[in-house]
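Some notes on the structure that comes next.
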């Protein structure tokens, strides 16, 4: 079957060649000889010459169309589906049984071929495979036919599915349908989000069902994940993410954010002055007319002096207000959306004009002293000011601000509602940075002053602050001290330098604590940490060194944790975990060799195992099992008990390794599987007892070095 996406393989041809796989004779190359049919000389398909993977061309993806076929539910009857389709497209003129109607018989035969589509393929490809990479006239070749059926992709996403909230009807309610390309698939539906409720299900025929009414205000969109699986739970089509969007209906009335909305306006403000915005919320979708609000004034007492914007809810004064006329106004505002109406209550206070200044009880609060270790939030002093405007209004309310001398933000003002302010420490004090401050504090009203009136010196005060020095512990330049170095870093090398200073400028020294390996040392004066003489870093012993550096002066000290992480280098080779084994002659079993390398990736596994002389052996075969093991197989049994010394070369992932001896005794075994030699019987066909042979091999290794081992091995293998 063909999934018609250009460049995406949907099938593969595979050929074998008995020649040596390492030689050019086994290098196979695939070519597409012909495509049947091939109208307009347009190739719909292409083949990867190296892998044999078949995919569509870009032109093929555009032009390929699937033949229609009869679609019926899983478990349904093909004949019933065919009769229904025939009735849909053909109107019989006579009452003729289906089986005798030639038109029906024709359609039946065509649809029967659909059930076994490879008997009637859409395309047939002739594929050729050649050895020697297809680049030689002497290359041998083979041919194959590939039948291709183009089928319509039935597994399509039905989303997004739009549903009205609070939809009335019979539940479960079908809302969409999916259909797998595998007619025997089972469907499963899960939610992408982890919600407490999931009002959806799917039937065995792929119908997606809604099980209850939805509320957009609870959740505006669901993401359903539909799986098509076989009877073993394996996916037969990729999962589909189906969006279900809940469309809004007007089921929420506007809600006043405050039970009573209170605004203040100064008297003598000009006509049209803004009073405030009435805040109203509608839970319906803001992007629909359901949340479009309109505002209107229902009543206002004691007189009608305000207006409201019908769209924004902005309230304005229609005339200049005087407190002698009224100090408070009560308004009722009706707020409508297209289906609901709500009334909100509003209180507007007419406050005195801000024609009085806030005045400090004193304009100079003198000098104060603070230790540089004073805690944050400490109150240095309390200031007071009064305002003769109407009490309880924005015209008389006083706020305090530091307007000069506090550029680094060390101090802050906290204001209450009774005309008092507290000067507090907001950031850590530092004598070495600033030893004194002269602060200016201003008293201000939240309401603007009446026109022509400006704040004067009576609304400002000053205070002087002196910071006292405290002997402090040394301070490290960095809070995190972490360094990574290769494990082969040489002795005497500097790993890092610790920087610290004493706030008072005193001389400081360094020491190191907790170096359990004793590999490092620190220069007391400079803070340089070095590798000791004759010390060797080894990541295989410990991956990281953790210790404490102490910076100290005469009385005080500070500590920092330091981590030195060792970066692996390829300083170990893979080594066999066992260096000897035996094989029973009557029941020879392969020996599994396992190696370990103390280095980390990429200097460890996977390993490469090979026989040391680099050529095939008539007696032994060595093949990989996994990244750390190989299988040694006896191909030809000796005529007697015999011990073999086999040189095995093992290399790590970086190609580093050595040749190691592996001793194998081939012997007759007891029923329990152990080697057995009858008394008085010696292995002497080759003229040397086994024990002496082993000794000779060992002596040869010791005395002759590498060449002796290779020479002996050539004779053994």
> Does the range 273-281 contain at least one residue that is part of a loop (DSSP other than H, G, I, E, B), within 12 Å of residue 348 (Cβ to Cβ) and under 45 Å from the mean Cα position of the chain (by Cα)?
Replying inline: yes
>> It is to be established whether one or more residues within the range 69-81 are modelled with pLDDT of 65 or more, more than 16 Å from residue 128 (Cα to Cα) and under 47 Å from the mean Cα position of the chain (by Cα).
In response: no
>> If I go through the range 297-319 residue by residue, how many of them are loosely packed, with under 12 Cβ neighbours inside 10 Å and either part of a strand (DSSP E or B) or in contact with a helix residue (DSSP H, G or I) (Cβ under 9 Å, 6 or more places away or on another chain) (or both)?
In response: 3
>> Would you confirm whether or not the range 330-340 contains a residue that is touching a strand residue (DSSP E or B) at 6+ places or on another chain (Cβ under 9 Å), buried (at least 16 other Cβ atoms within 10 Å of the Cβ) and not in a strand (DSSP E or B)?
In response: yes
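Would you call residue 461 surrounded by 19 or more Cβ atoms within 10 Å (Cβ to Cβ), at pLDDT 90 or above and farther than 30 Å from residue 557 by Cβ?
Against the criterion (surrounded by 19 or more Cβ atoms within 10 Å (Cβ to Cβ), at pLDDT 90 or above and farther than 30 Å from residue 557 by Cβ), residue 461 qualifies.
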> Is it the case that the range 547-560 has a residue that's at pLDDT 90 or above, loosely packed, with under 13 Cβ neighbours inside 10 Å and not in a strand (DSSP E or B)?
Replying inline: no
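Yes/no per residue for (1) touching a helix residue (DSSP H, G or I) at 6+ places or on another chain (Cβ under 6 Å); (2) surrounded by 17 or more Cβ atoms within 10 Å (Cβ to Cβ); (3) under 20 Å from residue 54 (Cα atoms):
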{"position": "123", "(1), (2), (3)": "no, yes, yes"}
{"position": "144", "(1), (2), (3)": "no, no, yes"}
{"position": "150", "(1), (2), (3)": "no, yes, yes"}
{"position": "184", "(1), (2), (3)": "no, no, no"}
{"position": "188", "(1), (2), (3)": "no, no, no"}
> So which of 383, 346 ends up being at pLDDT 90 or above and more than 30 Å from residue 270 (Cβ to Cβ)?
Replying inline: 383
> If you go through the range 208-222 one residue at a time, how many are in a strand (DSSP E or B) and either surrounded by 14 or more Cβ atoms within 10 Å (Cβ to Cβ) or touching a helix residue (DSSP H, G or I) at 6+ places or on another chain (Cβ under 8 Å) (or both)?
Replying inline: 4
> If you go through the range 358-368 one residue at a time, do you hit one that is under 55 Å from the mean Cα position of the chain (by Cα) and not in a strand (DSSP E or B)?
Replying inline: no
> In the list 375, 388, which residue meets the criterion of being closer than 30 Å to residue 470 by Cα and either outside the structural domain of residue 459 (by TED's automatic domain parsing) or part of a loop (DSSP other than H, G, I, E, B) (or both)?
Replying inline: 375
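The values are calculated or read from the model by the stated rules, or taken from the named source; none is laboratory data. Everything numeric here is computed off the predicted structure, so don't read it as measured data. Heads up, the Cβs are rebuilt from the backbone with ideal geometry, glycines too, and the neighbour counts pull from every protein chain shown.
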